[in-house]
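Working notes, beginning with the structure itself.
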Amino acid sequence: MSSLPPSRRNAPKQGLRIPIEELKIGMKVCDLDRDWLETPFALQGFTIRSGGDIREVARYCQHVYIEPPATANAPAREAFIHIPAGGKKALRHCADTYDQARSLTRSVMDDVRLGNAIDMKAVRTTISNCVRALLLHPDAMQWVSRLREKDLYTTDHSLNVALLAISFGHSRGASEEDLVRMGIAGILHDVGKMRVPPEILNKPGKLTETEFAEMKQHPRY
């Protein structure tokens, strides 16, 4: 019997089905012809970046499901992420939850930048709301996070890491409390970057040895 949670075990396959022989570099694999847990792939969805990637997928699958190309009317990911019945209401709920979490993340970053204490009660409450939204509407929450990921790299990256950690934990059957802990770890994993001088953090070119040494201090900060 599959070790996937029932909500994912019986989910319809997502994406455009192609035989493994047609898989090419640059394609985005979004589903397999078997459960993800029957393979060594760490992420449920990835881009083919080399011939070695194709050969590795071919060891386990006869066909895969890829992300369809974008159309003029919809983002590419919208075409294959399943939104359940009542989808608009689910999307609104997840969008509101995500935007509240994004606002909280910015406040946390500002607090660290200014040397203030992090409001851990607010962090836990916000992450708990994200966990509940993702448990209720997993596909809608992922859709919203992908829509929002274009803005404010460090802030959105930290929030999206939290959501990815929660999604991964959910796929492995983690308890709700453990999902909250994983989300808190994700949302706080880069706060030390706020102590790195902005001219180094946001430098468009290659860092000098001194600048890179300072950047590597962010986990300690």
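Things to note:
- Phi to ³J(HN,Hα) by Karplus 6.51 cos²θ - 1.76 cosθ + 1.60 over region 102-111, Hz, x for Gly, Pro: 5, 4, 4, 4, 4, 5, 4, 4, 5, 4
- Amide H partners (placed H, <5 Å) of residue 31, local residues excluded: 65
- For residue 109, net neighbour charge (Lys/Arg +1, Asp/Glu -1) across residues whose Cβ lies under 10 Å away: 0
- Derived scalar couplings ³J(HN,Hα) [region 197-212; Karplus, 6.51 cos²θ - 1.76 cosθ + 1.60; whole Hz; x for Gly, Pro]: x, x, 5, 8, 4, 9, 5, x, x, 5, 6, 6, 4, 5, 5, 5
Bear in mind that the values in this text are calculations on the coordinates, not laboratory data. Note that the coordinates shown come from a computational prediction; the quantities given were computed from them, not determined experimentally. In this analysis, Cβ positions are derived from the backbone assuming ideal geometry, glycine residues included, and neighbour counts consider all displayed protein chains.
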